[in-house]
1. Once you charge only the Cβ atoms, +1 for Lys and Arg and -1 for Asp and Glu, what is the size of the charge dipole of the chain about its Cα centre, to the nearest 20 debye?
2. Could you give the angle, 0 to 90 degrees to the nearest 10, between helix 262-271's Cα long axis and the longest principal axis of the Cα atoms of the chain?
3. Evaluated at 20 °C with a viscosity of 1.002 mPa s, what Stokes-Einstein diffusion coefficient in µm²/s does the chain have when Rh comes from the Kirkwood expression over alpha-carbon pairs?
4. Report the far tail of the P(r) of segment 229-283, meaning the percent of Cα-Cα pairs longer than 19 Å.
5. Please compute, for the alpha-carbon atoms of segment 180-259, the extent along each of the three principal axes and give them in descending order in Å.
6. Roughly how big is segment 115-271's charge dipole about its Cα centre, with Cβ charges of +1 (Lys, Arg) and -1 (Asp, Glu), in debye to the nearest 20?
7. May I ask you to derive the relative contact order of the chain, considering only C-alpha pairs under 8 Å and at least 6 residues apart, and to give it as an integer percent?
8. If the cut-off is 16 Å between C-alpha atoms, which lysines fall inside it for LYS271, apart from same-chain ones fewer than 8 positions away?
Amino acid sequence: MRQTILSLSEFMYIVCSRAVRHGLPLGTEDTYMNSNLLEVSGLHVSAGEKEILHGVDLTVGKDETHVLMGPNGTGKSTLGYAITGNPEYTVTAGKIVFDGEDITRLPVNERAKKGIFLSFQNPLEVPGVTLSAFIRSALEQKTGKRIRLWDFKKKLAETMQLLAMDASYAERDLNVGFSGGEKKKAEILQMLMLEPKLAILDETDSGLDVDALRIVAEGFNKLRTPETSALVITHYQRLLDYLKPDVVHVLLGGRIVKSGGPELAVEIENKGFDWIKAETSAV
């Protein structure tokens with residue numbers, strides 16, 4: 001028997017964030033009539049005893065791509081985990097409203113059911129579960145019905161071809177032995193197959209060469225519709241040349257301290273973050 005290289009909690013998180021059950025009773029969360037897809041207000045988030053986010057405000061409209069930039073350790077990934085409901089991160093104050101509904105207290109599987117997808121910065125390896133089986137299971141649990149194998153394999157093959165992925169990866173254990181670039185492509189493959197309303201890409205561009213970056217970005221662009229949006233976490237301007245973001249945000253000291261258009265990312269690429277720290281007195 002092959003040894004599993006991830007904990008049970010990690011496995012359940014990755015499964016729940018992709019594959020969700022239908023027919024579960026919803027809570028009595030407040031419902032809001034609003035055209036925005038995502039509204040984060042006054043969000044404070046802790047991991048254990050340490051508070052990482054200190055009052056984040058963020059609004060993402062439908063058919064918008066937002067970019068989140070900032071130095072390492074400022075809480076960018078934490079915000080992504082908080083939006084998707086990772087149980088290792090605790091919301092101590094503030095609110096997350098998704099598609100008009102307060103989801104602040106919803107578990108990860110309910111958030112995924114509503115259409116939130118997180119592409120992991122460091123995708124986990126799952127021995128014993130093939131990439132194909134993982135995606136098919138996620139789709140069946142998302143739709144609540146069996147998917148015809150022929151239809152699934154046809155769509156999977158077409159999507160893998162779009163990402164220039166070797167077809168043999170479909171029957172390999174999820175991320176086991178995959179290169180860094182193939183792991184990132186596998187994440188985008190899952191995203192395209194599941195068609196979420198909100199895709200959160202956590203440093204998907206890290207470790208990719210120029211050709212792989214272009215392919216991944218083109219795959220992401222295929223997802224865009226008037227009803228879908230994205231939050232892209234990145235350090236680099238190069239990815240944004242392909243994604244064409246609407247808004248760029250800077251996260252410093254656990255807060256979003258500056259927002260602007262795509263030109264802000266170019267300025268950060270050229271000048272770094274020190275000028276923003278001085279401008280906003282952020283630490």
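1. My answer is approximately 880 debye.
2. Between the helix axis and the principal axis of the chain, the angle is about 70 degrees.
3. Roughly 111 µm²/s, to the nearest whole number.
4. So the portion of pairs separated by more than 19 Å is 24 percent.
5. Result for segment 180-259: principal-axis Cα extents of 34, 30, 20 Å.
6. 580
7. 25
8. The qualifying lysines are LYS258.
All of the numbers you see were taken from the coordinates with simple rules; none came from a lab. Source: prediction; values computed, not measured. Neighbour counts are summed over all protein chains in view; Cβ atoms, including those assigned to glycine, are modelled from backbone coordinates with ideal geometry.
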